[in-house]
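Data first, discussion second: the structure below is written as structure tokens.
Bear in mind that the values in this text are calculations on the coordinates, not laboratory data. Since the model is a prediction, treat every value here as computed from it, not as a measurement. Here the Cβ is made from the backbone with ideal geometry for all residues, glycine too, and neighbour counts use every protein chain on show.
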Amino acid sequence: MAGLIERFSHRLPVSPETPVISLEEGSTPLIPAPALSQTIGEDRQVYLKFEGLNPTGSFKDRGMTVAVSKAMEEGSRGLICASTGNTSASAAAYAARAGVPCWVVLPAGKVATGKLAQAIIHGARVIPIDGNFDIALQRVIEISNSEGITLVNSVNPYRIEGQKTVSFEIIDELGHAPDSHFLPVGNAGNITAAWRGYSEELESNRIPIPPRMMGCQAAGSAPIVSGSVVENPETIATAIRIGNPASWQGALQAVEQSNGTILAVEDEEILAAYHHLASREGVFCEPASAASVAGLLKRFHAGLEICPAGGTIVCTLTGNGLKDPDLAVAGTILPDPVDADLDSLRKAMDLS
Ligand code: AN7
């Protein structure tokens, strides 16, 4: 399958002169979630848009291919971003592909191991800071302006353009828009982008009504829910540990125009959804991604409206579970090795 720019060139700000920097991103599966659908009941179908199957393991690649291609077209001398991890992994990979340097500024000690490994192996200059994502973002905005290095956080408009394509794919695959779309919210670029995609489909009469946009923030990092900046955001879902989202207005617009909402989910609810997805649906996403499913289940259990009977719900799973292996194995104890003979193995299998 071709990359996004090739597939959607007529709907992206590119021209034949744009050098395409692609890793064949997008075209991710829309996986039915039978166990979740059964829980929700009333013949409602839940689908998981598994963005963790993008080339670097997260949805960020959709925006990155457009941002980096445009940067190359403009003759950029390098890329910079602040990141809770996934943006840095994606930026590092596309910078390697484009052959330009990449600097990533990260909150020290708060980035999942897999993401850090990616940034390093792709050759980015990794700079951990004593400060959170929000401070890192302020700094890279200042430095990119003064040094003429391209900022590839989602404040770069090309990131949002690339990420809007997720909505095109969902509509193509379902043959219609879902009734509700749940997704995790951190810096709020993704909800802004997905809403732009649906809005464009609405304007061009490809769908009659768009879905309700249901953004899910971690309770300890839920500035849009509380209506004020969170100075010291906390959550186990480090990807969305963000207290002052850059696309705050975009998120508000998405929920206002779509009659949706932004809700907060507790870390325990995120972890429950994370384990449910892995053990019941066979889908291993990272904790932040499970916030979408946590939000769906929270509203369902609270008796709040989620989607009409017989309707369709899409939950975006933004990143791959392998990004955060430490969390996956935390709290488990690996059994001691047993002898390699069949009897010992049978015994270890606990077959009675
Ligand atoms: C797995 O990498 O902000 O609301 O610096 O990695 O568009 O910010 C990551 C965000 C959801 C939130 N799920 O998306 C970064 C970064 C995962 C993420 C989000 C992120 P936005």
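So here's what we get for this one:
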| read-out | value |
| --- | --- |
| Index of the failed condition, GLY123 passing every other in (1) in contact (Cβ under 8 Å) with a residue 60 or more places away in the chain; (2) within 19 Å of ARG97 (Cα to Cα) | (1) |
| Residue count for the stretch 215-248, restricted to those that are within 13 Å of the ligand (Cβ to nearest atom) and farther than 23 Å from GLY131 by Cβ | 2 |
| Single unsatisfied condition, ALA89 versus (1) crowded, with 24+ Cβ neighbours inside 10 Å; (2) of a type in the set (A, V, I, L, M, F, W, C); (3) within 30 Å of LEU297 (Cβ to Cβ); (4) more than 13 Å from the ligand (Cβ to nearest atom) | (4) |
| For GLU286: the one exception among (1) surrounded by 10 or more Cβ atoms within 10 Å (Cβ to Cβ); (2) over 14 Å from the mean Cα position of the chain (by Cα); (3) within 26 Å of GLY260 (Cα to Cα) | (2) |
| Output for the stretch 299-346, where each listed residue is basic (Lys, Arg) and surrounded by 12 or more Cβ atoms within 10 Å (Cβ to Cβ) | ARG299, LYS323 |
| Top-ranked residue in the stretch 30-83 [being among the β-branched types (Val, Ile, Thr) and within 13 Å of the ligand (Cβ to nearest atom); ranked as nearest to ILE5 (Cα to Cα)] | THR56 |
| Unique match (being closer than 26 Å to ALA82 by Cβ and touching an Asp or Glu at 6+ places or on another chain (Cβ under 8 Å)) among PRO287, PRO245, PRO308 | PRO287 |
| Count - residues of the stretch 20-39 that are within 18 Å of the chain's Cα centre (by Cα) and surrounded by fewer than 21 Cβ atoms within 10 Å (Cβ to Cβ) | 6 |
| Members of the stretch 130-141 that are within 20 Å of ALA95 (Cβ to Cβ), more than 13 Å from the ligand (Cβ to nearest atom) and either touching a residue at least 24 places away in the same chain (Cβ under 8 Å) or exposed (fewer than 15 other Cβ atoms within 10 Å of the Cβ) (or both) | ARG139 |
| Filter result for THR28 (of a type in the set (Val, Ile, Thr), touching a residue at least 12 places away in the same chain (Cβ under 8 Å), in a helix (DSSP H, G or I) and closer than 25 Å to VAL283 by Cα) | no |
